[in-house]
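Below is one structure, written out as structure tokens, with a few remarks after it.
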Amino acid sequence: GAGVSQSPSNKVTEKGKDVELRCDPISGHTALYWYRQSLGQGLEFLIYFQGNSAPDKSGLPSDRFSAERTGGSVSTLTIQRTQQEDSAVYLCASRNRGPSGNTIYFGEGSWLTVV
Amino acid sequence: SQQGEEDPQALSIQEGENATMNCSYKTSINNLQWYRQNSGRGLVHLILIRSNEREKHSGRLRVTLDTSKKSSSLLITASRAADTASYFCATDSYSGAGSYQLTFGKGTKLSVIP
């Protein structure tokens with residue numbers, strides 16, 4: 001696609017349920033990032049994938065959070081046993097680490113509400 | 001942890017005035033980027049300034065970078081109501097093991113009054 005695509009756009013889930021958020025990066029981009037943004041706050045880094053390298057998981061807040069990137073393209077962020085404090089916008093971004101530039105492109109985000 | 005810290009947190013100006021937002025950071029960087037966000041959704045890239053550059057322009061935007069002070073500023077000239085948004089700086093730095101971190105500040109919420 002032309003841009004970073006995320007789904008679902010909005011998700012309301014009950015506390016304790018698992019959720020999966022999907023990100024489809026720009027074709028050919030080797031780097032993929034997940035961020036979380038609580039209402040009125042800045043972006044909190046969660047995880048970073050670069051090519052076939054081991055992902056940088058240093059930002060994941062707990063072991064309830066995990067992410068994978070299959071075939072170097074689509075990524076899924078999974079939150080198990082959701083809690084109310086998990087409510088936030090989850091933003092995915094991708095970029096090409098080649099010489100053409102370092103601009104990062106964001107999707108529109110997935111707004112998660114845990115009730 | 002937040003690398004970039006924007007200042008002020010909120011800014012309200014009249015249409016036509018200039019808006020200046022500042023960003024400070026703590027560690028060495030490859031480059032610094034400014035983004036705009038409308039209504040809490042996706043961020044849009046505005047401008048990138050590399051660590052060996054001191055000033056960059058793009059339309060009504062002017063960005064400066066002072067690596068000795070670890071600070072950057074974003075100037076929007078002749079502001080318009082449509083510039084109302086949140087603005088974030090992000091520092092791009094190598095964090096080891098092939099990982100390039102893009103770390104965001106908490107943003108400046110700009111309101112341009114018509």
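In table form, for the structure just shown:
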quantity	calculated
Quarter of the Cα convex hull surface for chain A, i.e. its orientation-mean projected area (nm²)	6.9
Range of Cα positions in chain B per principal axis (Å), largest first	48, 28, 20
Gain upon complete extension [B:Y94, B:N22; 0.36 nm per residue less C-alpha separation]	23.7 nm
Semi-axis lengths (Å, descending) of the ellipsoid that matches the C-alpha gyration tensor of the protein assembly as shown	29, 21, 15
Percentage relative contact order, the range B:36-114, counting C-alpha pairs under 8 Å, at least six apart	24
Karplus (6.51, -1.76, 1.60) ³J(HN,Hα), θ = phi - 60°, over the range B:50-55, in Hz, Gly and Pro reported as x	7, 5, 9, 9, 10, 8
Free-standing Cys, the protein assembly as shown [no other Cys Cβ under 4.7 Å]	none
Relative contact order of chain A, defined on C-alpha pairs under 8 angstrom at six or more residues apart (%)	38
Qualifying aspartates and glutamates (Cα of each under 18 Å from Cα of B:K69; at least 8 residues distant if same chain)	B:E5, B:E6, B:D7, B:E53, B:E55, B:D92
The range B:1-74: trypsin sites (Lys or Arg not before Pro) in DSSP coil with no more than 15 other Cβ atoms inside 10 Å	B:K26, B:R54, B:R60, B:K69
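Since every read-out is calculated from the coordinates, none of them should be taken as a lab result. It should be emphasised that the depicted structure is a prediction, and the values quoted were computed from it without experimental measurement. Counting neighbours? That spans all protein chains shown, and the Cβs are built from the backbone with ideal geometry, glycine included.
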